[in-house]
Amino acid sequence: QVQLVESGGGLVQPGGSLRLSCAGSGFTFGNRLMSWYRQAPGKERELVASISPGRNTNYADSVKGRFTISRDNGKNTVYLQMNSLKPEDTAVYYCNAKWREFVNWGQGTQVTVSS
């Protein structure tokens, strides 16, 4: 049974930092394209960052220079380090694993940036 479990969300002040984690199980983690998406209220889900099996990374323009995606295949975990957070980063963040036609999602973790 494939599972993706996110953690690390919460409430943070503008300018603060959070690190999200996503632990995978039930599949071969190392061959997946791993991504973080987010969805704010009233908006469509958008890609935030992705990391390939070869550790090539891709970022949305809105988070470049502030967010860093990484993966630890030995722990079956992908991370999203978020620095210099802004109120517009407020959203539910979802972990995504993709291999060929197989796509899996986590349940999401809420990130709220507010003073």
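The values are calculated or read from the model by the stated rules, or taken from the named source; none is laboratory data. Everything numeric here is computed off the predicted structure, so don't read it as measured data. Reconstructed Cβ throughout: ideal geometry from the backbone, glycine too, with neighbour counts over all protein chains shown. The area values use the complete protein model at the heavy-atom level, side chains included, leaving out ligands, DNA and RNA. Shrake-Rupley method; radii C 1.70, N 1.55, O 1.52, S 1.80 Å.
Points to keep in mind about this one:
- Taking θ as phi - 60° and the Karplus parameters 6.51, -1.76 and 1.60, the scalar couplings of the stretch 21-28 work out to 10, 9, 9, x, 8, x, 7, 7 Hz in sequence order, x denoting glycine and proline.
- Calculated accessible area for the chain comes out at 53 Å² per residue, all protein chains present (probe 1.4 Å; ligands, DNA, RNA ignored).
- Prolate/oblate/rounded call for the chain, Cα gyration tensor, a/c under 1.5 rounded: prolate
- Scalar couplings 3J(HN,Hα) for the stretch 86-95, obtained by applying the Karplus form with A = 6.51, B = -1.76, C = 1.60 to θ = phi - 60°, are 10, x, 6, 7, 4, 4, 8, 9, 10, 8 Hz; x denotes Gly and Pro.
- DSSP assigns beta bridges within the chain; of those with both partners inside it, close to 95 percent run antiparallel.
- For G16, net neighbour charge (Lys/Arg +1, Asp/Glu -1) across residues whose Cβ lies under 11 Å away: 0
- Stretchable slack from Q1 to K86, in nm (0.36 nm times residue separation minus alpha-carbon distance): 27.0 nm
- Spatial separation of Cα centroids for the stretch 28-51 and the stretch 82-115, in angstrom: 6 Å
- Check: the chain dipole with +1 on Lys, Arg Cβ and -1 on Asp, Glu Cβ, in debye: 240 debye
- These residues, Y93, Y79, go from largest to smallest accessible area, 1.4 Å probe, as Y79, Y93.
- Shown in residue order for the stretch 65-81 are the 3J(HN,Hα) couplings computed by the Karplus curve 6.51 cos²θ - 1.76 cosθ + 1.60 at θ = phi - 60°: x, 10, 10, 9, 9, 8, 9, 10, 5, x, 9, 6, 9, 10, 10, 9, 8 Hz (x for Gly and Pro).
- Taking amide H positions as modeled 1.01 Å from N, with prolines and chain starts lacking one, the residues under 5 Å from F67 and 5 or more places away or on another chain are N83.
- Proximal lysines relative to K86, as straight alpha-carbon distance under 24 Å, when same-chain residues fewer than 8 apart are discounted: K43, K64
- Accessible area of the chain belonging to carbon and sulfur atoms, whole % at 1.4 Å probe: 46 percent
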